[in-house]
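The values are calculated or read from the model by the stated rules, or taken from the named source; none is laboratory data. Only a predicted model underlies this, so the values are computations on that prediction, with no experimental measurement involved. Cβ sites come from the backbone with ideal geometry, for glycine too, and all protein chains shown count toward neighbours.
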C-alpha cells in the first residue's frame, strides 16, 4: 500500500492542476454524465479519493477544513467533480468501521473508490450461513462510473420479520459488493450535477460474506477528530462548499460580462446601470456572509472534535444551519447572476447556465432541505430539536 504525502500543499497544488484540466472538459462531463476516466484514474493515483482516511490505509488524514479547500478548488470549475470529491471522501471514512482486515484488503488497491446510495423499500439482506443474501435497488450513487465497489445500506430481514422503517439503524447493515457484481440502471436524466453519474444499481440474491459487511453505527477504529463528526454534517459542509463555489463562479462570470454587455435599447454598459451595481453589491454581501458563516461553523466543529473528541449540540446545530444556509444563499446568488446576464443565460453554452442548473439541483438534495431551519429554530428556542444534526 502506498503512503500518502502529508503536506497539504501537495494536495492543493494537485487539485489546482487537475481543476485546470477539468475546466476544458465541462461540456464533455455534462454530455457523458461522468467524469473523464483518465482524470478520475489520476485523481485516485494521487490520493484525492482518500483525503480523510487514516494513513494506515494509505490516506492523507487531512484536517477537515483543509479538505474543504480542495473541494472549493474543484467547485470553482465544475460542481459535479467537487460533489464526487466530497461524496467519495466522506463515505470513505467508513473504512474505520469496516472489519480491519477487509479495509486493509480493499484499500490496498490504490484506485479503490466506493460509492453508496439509499435503498428502496424492496431492498433486504437475509442472514444465511457465513453472510447475507442481498437483493434490492439503490439510487443516487454519486460517482458510480468511476467507483470500483458499491456500499449497499440495507435492512436485515429474516423471514417473518415485521416491516420496519427503511432507515432503522438498529436493523441495517452496509454490505460491500464489487461493482462488477451489480447491475447499473440509467436513471440519471437530470438537469444539474449531470457529471456525478448518480445512477442506480440493482442486486438480485447475491451472497455477501460477513467480512464484507459492517454496522454503520459501529464506533470507528480510528480516533481522529474527523471520526467524531457525524457523516451527515461532513456531507453538509462539503456540499455547501460545492454550492458556494459554483455561485462564486457564476457571479464572477456575470460581473465580467457586465463590463462589456450592452442591453438592447440602452447605450451604455450593463455595469454602469444602478440596478446592476445594487444587485452585484447584494450578491457579494450574501455570498461572503454565507461563506464566512460556513467557515466559522466548520472550524468550531473541527476544534471541538480535536480538543474534546466530541461535539456539543450547539456545535452540530450551527454546522447544520450554516450548511443549509450556504446552499440556499448560493441559489439566490446564482439567480441574481442569471438575471444580470439576460437572455444569453438561457443558452446551455453560457457559463452561468450550468452553475444555475447545478446549484438548483443541490437545493433539492437532503442537505438543502428548508426543514433544517426548523431544527435550528427549535434548538435556539429551547425546544428539543428534531432532524438530522
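What's the total number of residues in region 9-45 that are under 22 Å from residue 63 (Cβ atoms) and over 20 Å from the mean Cα position of the chain (by Cα)? Outline the logic, then answer.
Taking region 9-45 and keeping what is under 22 Å from residue 63 (Cβ atoms), we get 9-19, 43-44.
Now narrow it down to the ones that are over 20 Å from the mean Cα position of the chain (by Cα): 9-10, 13, 17.
Looking only at that region, the number is 4.
Among the residues that make up region 204-212, is at least one of them farther than 24 Å from residue 97 by Cβ and modelled with pLDDT of 95 or more? Spell out how you get there, then give the answer.
Step one: filter region 204-212 for residues farther than 24 Å from residue 97 by Cβ, giving 204-205.
Pick out the ones that are also modelled with pLDDT of 95 or more and you get 204-205.
Yes, region 204-212 has at least one match.
Please enumerate the residues belonging to region 112-132 that are in contact with a helix residue (DSSP H, G or I) (Cβ under 8 Å, 6 or more places away or on another chain) and either part of a helix (DSSP H, G or I) or surrounded by 13 or more Cβ atoms within 10 Å (Cβ to Cβ) (or both). Don't jump to the end; show me each part of the working.
Kept after step one, since they are in contact with a helix residue (DSSP H, G or I) (Cβ under 8 Å, 6 or more places away or on another chain), are these residues of region 112-132: 112-116, 130-132.
Result: 112, 113, 114, 115, 116, 131, 132.
In a strand (DSSP E or B) and within 21 Å of residue 52 (Cα to Cα): does that describe residue 150? Show your work before the answer.
Numbers: in a strand (DSSP E or B): yes; within 21 Å of residue 52 (Cα to Cα): yes.
Answer is yes for this residue.
Hey, does region 174-182 have a residue that's in contact with a strand residue (DSSP E or B) (Cβ under 8 Å, 6 or more places away or on another chain) and either over 18 Å from residue 94 (Cα atoms) or at pLDDT below 95 (or both)?
Of all residues in region 174-182, those in contact with a strand residue (DSSP E or B) (Cβ under 8 Å, 6 or more places away or on another chain) come to 174-179, 181-182.
Within this subset, residues satisfying the condition of being either over 18 Å from residue 94 (Cα atoms) or at pLDDT below 95 (or both) are 181-182.
Checking region 174-182: at least one residue is in contact with a strand residue (DSSP E or B) (Cβ under 8 Å, 6 or more places away or on another chain) and either over 18 Å from residue 94 (Cα atoms) or at pLDDT below 95 (or both).
Take residues that are modelled with pLDDT of 95 or more and over 27 Å from residue 140 (Cβ atoms) and tell me which of the helices (runs of 4 or more DSSP H) falling wholly in region 275-389 contain 2 or more. It would help to see each step written out before you state the result.
Working: elements: 313-341, 351-363, 371-380.
Qualifying helices (runs of 4 or more DSSP H): 313-341, 371-380.
Out of the strands (runs of 3 or more DSSP E) lying entirely within region 153-238, which hold 1 or more residues that are crowded, with 17+ Cβ neighbours inside 10 Å? Walk me through it before giving the result.
Values: elements: 172-178, 183-185, 199-209.
Counting at least 1 such residues, we get 172-178, 199-209.
Name the residues in region 91-110 that are surrounded by fewer than 14 Cβ atoms within 10 Å (Cβ to Cβ) and not in a helix (DSSP H, G or I), would you?
The answer is 108, 109.
Does any residue in region 29-47 that is farther than 22 Å from residue 190 by Cα come within less than 6 Å, Cβ to Cβ, of a residue that is at pLDDT 95 or above and in a helix (DSSP H, G or I) six or more places away or on a different chain, and which pairs are these?
Filtered contacts from region 29-47: 46/14.
Quick grid of which residues meet (1) free of Cβ contacts under 8 Å to residues at least 24 places away in the same chain; (2) crowded, with 22+ Cβ neighbours inside 10 Å; (3) in the same structural domain as residue 23 (by TED's automatic domain parsing); (4) closer than 30 Å to residue 227 by Cα:
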site: 243; (1), (2), (3), (4): no, yes, no, yes
site: 263; (1), (2), (3), (4): no, no, no, no
site: 269; (1), (2), (3), (4): yes, no, no, no
site: 273; (1), (2), (3), (4): yes, no, no, no
site: 330; (1), (2), (3), (4): no, yes, no, yes
site: 334; (1), (2), (3), (4): no, yes, no, no
site: 342; (1), (2), (3), (4): no, no, no, no
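Is it the case, given these coordinates, that residue 374 is closer than 16 Å to residue 192 by Cα, out of contact with any strand residue (DSSP E or B) (no Cβ under 7 Å at 6 or more places or on another chain) and surrounded by fewer than 19 Cβ atoms within 10 Å (Cβ to Cβ)?
On the way: closer than 16 Å to residue 192 by Cα: no; out of contact with any strand residue (DSSP E or B) (no Cβ under 7 Å at 6 or more places or on another chain): yes; surrounded by fewer than 19 Cβ atoms within 10 Å (Cβ to Cβ): yes.
No; evaluated as a whole, the condition is false for this residue.
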